[in-house]
Amino acid sequence: MTQQNTKTLTIIQPDDFHLHLRDGKVLQSTVTQAARQFRRAIIMPNLKPPITTTKHATEYRKRILAQLPSNTDFQPLMTLYLTDNTPPEEIVRAKESGIVHGIKLYPAGATTNSDAGVTSLSNCIKTLDEMQKQGIPLLMHGEVTDPDVDIFDREAVFIDKVLIPLRKMLPDLKVVFEHITTKAAAEYVTDAEGFIGATVTPQHLLFNRNHLLVGGIHPHYYCLPILKREENRQALLKAVTQNNRRFFAGTDSAPHAKGAKENACGCAGCYSASHAIELYATVFEQQNALEHLEWFTAINGPKFYNLAVNRTTITLEKRDWQIPESLPFGSDKVIPLMAGENLTWKLV
Ligand code: DOR
Ligand code: ZN
């Protein structure tokens with residue numbers, strides 16, 4: 001239960017249901033920063049090359065655990081990257097492993113390292129059918145990639161062209177509509193029948209496309225799906241503060257080195273793993289809905305994924321602090337979301 005007075009807020013320790021940790025020399029900093037905020041996280045598989053097998057997921061998990069500071073019990077919940085050729089047997093192996101908690105759909109070309117993604121779901125029917133049988137959720141990057149579809153419409157078109165037909169064909173498949181950004185997605189998830197959840201990022205709750213584009217291009221606000229109009233942000237705020245159990249935290253914290261963002265062709269991704277819970281607390285406070293923060297960040301997600309809710313708690317303190325201008329990222333730097341700006345909640 002949320003315990004709140006004007007100075008502190010204590011909630012069940014949150015989990016992040018959508019996190020990019022990357023690999024190699026940056027893992028040490030990404031893992032350390034995420035483990036300070038979250039007890040568990042669903043780890044995205046879009047490495048180069050992608051994590052397409054249970055064997056690769058097992059090895060990647062070990063590399064993550066090797067970076068954990070000794071005072072944490074952070075648990076990486078692994079995922080596999082779905083391709084046109086993922087065999088149904090791989091789903092059986094994933095389930096048996098006990099370490100794989102979802103299969104990620106990247107429509108080919110939709111975002112960072114999605115080239116090996118699915119060209120058409122019709123290539124994956126047997127595998128999706130096995131997922132339905134095994135009760136393993138499909139985690140969807142919900143955007144079409146058709147060049148004729150405007151980038152701001154790609155999520156809404158995905159609902160009609162991909163999601164609705166897929167769910168008609170496999171009504172018992174567990175689906176997570178990842179990082180939703182539109183009123184259309186919030187309403188679809190609210191009203192749909194069956195087993196569907198959605199993650200919502202801090203940036204899509206805090207910002208609209210003006211933050212990205214007005215007064216110059218602000219590359220650290222560029223992520224995919226791209227920030228949308230204010231009416232969409234308002235619909236997301238409504239969805240997460242209505243006590244609807246289908247919506248839960250997934251930061252999509254996606255670090256790229258400073259130079260890869262501040263670039264003529266800048267990479268998509270906002271880095272929020274270092275201060276995500278403070279960002280979410282800011283959102284819920286602005287909405288006068290702090291009593292829903294715990295459900296959104298610590299209860300709805302585990303319930304969807306059939307995981308026990310954490311027993312540990314965290315405390316946030318009401319105090320001004322400044323988000324660092326940059327953070328270590330291997331031998332490079334990453335610019336956190338809202339770098340240099342002040343927040344009024346701080347994780348103790
Ligand atoms: O902004 C994003 N960055 N969206 C994604 O879907 C992928 C992510 C990344 O891996 O950088
Ligand atoms: Zn992501």
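Counting the residues of the stretch 78-130 that are farther than 17 Å from Val175 by Cβ and aliphatic (A, V, I, L, M) gives 5.
When Leu236, Leu213 are screened for being aliphatic (A, V, I, L, M) and touching a strand residue (DSSP E or B) at 6+ places or on another chain (Cβ under 6 Å), only Leu236 passes. Checked against the criterion of being closer than 19 Å to Leu19 by Cβ and within 16 Å of ligand 1 (Cβ to nearest atom), the candidates Pro302, Pro255, Pro328 yield just one match: Pro255. Scanning the stretch 182-206 for residues that are of a type outside the set (Ser, Thr, Tyr) and assigned to a helix (DSSP H, G or I) yields Lys183, Ala184, Ala185, Ala186, Glu187, Val189, Asp191, Pro202, Gln203, His204, Leu205, Leu206.
Yes/no per residue for (1) within 16 Å of ligand 2 (Cβ to nearest atom); (2) within 21 Å of Pro328 (Cα to Cα):
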| site | (1), (2) |
| --- | --- |
| Leu9 | no, no |
| Gly24 | no, yes |
| Gln33 | no, yes |
| Arg39 | no, no |
| Met44 | yes, yes |
| Lys62 | no, no |
| Leu65 | no, yes |
| Thr72 | no, yes |
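Counting only strands (runs of 3 or more DSSP E) that sit completely within the stretch 19-128, those holding 3 or more residues that are free of Cβ contacts under 8 Å to residues at least 40 places away in the same chain correspond to 75-81.
In this structure, Pro50 does satisfy being within 16 Å of ligand 1 (Cβ to nearest atom) and either surrounded by 13 or more Cβ atoms within 10 Å (Cβ to Cβ) or within 22 Å of Asn310 (Cβ to Cβ) (or both).
Can you say whether Phe177 is within 16 Å of ligand 2 (Cβ to nearest atom), modelled with pLDDT of 95 or more and among the hydrophobic types (A, V, I, L, M, F, W, C), as far as the supplied structure shows? Considered against the rule, which asks whether it is within 16 Å of ligand 2 (Cβ to nearest atom), modelled with pLDDT of 95 or more and among the hydrophobic types (A, V, I, L, M, F, W, C), Phe177 comes out as yes.
Let's see how each residue does on (1) at pLDDT 95 or above; (2) within 16 Å of Phe247 (Cα to Cα); (3) of a type in the set (Asp, Glu); (4) crowded, with 21+ Cβ neighbours inside 10 Å:
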residue	(1), (2), (3), (4)
Ser122	no, no, no, no
Glu155	yes, no, yes, yes
Met169	yes, no, no, no
Glu187	yes, yes, yes, no
Gly197	yes, yes, no, yes
Val200	yes, yes, no, yes
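Cβ-Cβ under 6 Å, sequence separation 6+ or interchain: first residue in the stretch 249-267 and of a type in the set (Ser, Thr, Tyr) and at pLDDT 95 or above, partner buried (at least 16 other Cβ atoms within 10 Å of the Cβ) and part of a loop (DSSP other than H, G, I, E, B). Which pairs? Once the first residue is of a type in the set (Ser, Thr, Tyr) and at pLDDT 95 or above and sits in the stretch 249-267, its partners that are buried (at least 16 other Cβ atoms within 10 Å of the Cβ) and part of a loop (DSSP other than H, G, I, E, B) give Thr251/Thr201; Thr251/Ser272; Ser253/Ser272; Ser253/Ala273. Of the numbered criteria (1) away from ligand 2 (no atom under 16 Å from the Cβ); (2) crowded, with 22+ Cβ neighbours inside 10 Å, the one Gly215 fails is (2).
How many of the residues making up the stretch 89-117 are under 24 Å from Asp15 (Cβ atoms), among the charged types (D, E, K, R) and either crowded, with 23+ Cβ neighbours inside 10 Å or within 16 Å of ligand 1 (Cβ to nearest atom) (or both)?
Going residue by residue through the stretch 89-117, those that are under 24 Å from Asp15 (Cβ atoms) are 91, 94-106, 111-113.
Of the ones still in play, those that are also among the charged types (D, E, K, R) are 95-96, 104.
Then drop every residue that is not either crowded, with 23+ Cβ neighbours inside 10 Å or within 16 Å of ligand 1 (Cβ to nearest atom) (or both), which leaves 104.
The number of residues fulfilling the criteria is 1.
For the stretch 128-139, the criterion of being touching a strand residue (DSSP E or B) at 6+ places or on another chain (Cβ under 9 Å), away from ligand 2 (no atom under 16 Å from the Cβ), closer than 17 Å to Asn85 by Cβ and at pLDDT 95 or above is met by at least one residue.
Looking at Asn210, is it more than 18 Å from the chain's Cα centre (by Cα) and assigned to a loop (DSSP other than H, G, I, E, B)?
On the way: more than 18 Å from the chain's Cα centre (by Cα): yes; assigned to a loop (DSSP other than H, G, I, E, B): no.
Considered against the rule, which asks whether it is more than 18 Å from the chain's Cα centre (by Cα) and assigned to a loop (DSSP other than H, G, I, E, B), Asn210 comes out as no.
If you go through the stretch 17-46 and keep only what is of a type in the set (A, V, I, L, M, F, W, C) and within 15 Å of ligand 1 (Cβ to nearest atom), you end up with Phe17, Leu19, Leu21, Val26, Leu27, Ala34, Ala41, Ile42, Ile43, Met44. Where the second residue is assigned to a helix (DSSP H, G or I) and among the β-branched types (Val, Ile, Thr) and the first is more than 21 Å from Val100 (Cα to Cα) and lies in the stretch 293-317, which pairs have Cβ atoms under 6 Å and are six or more apart or on separate chains? Sorted first by the residue in the stretch 293-317, then by its partner, the pairs are Phe296/Val240.
The values are calculated or read from the model by the stated rules, or taken from the named source; none is laboratory data. None of these values were measured; they are calculated from a predicted model. Please note: Cβ atoms are built from the backbone with ideal geometry, for glycine as well, and neighbour counts cover all protein chains shown.
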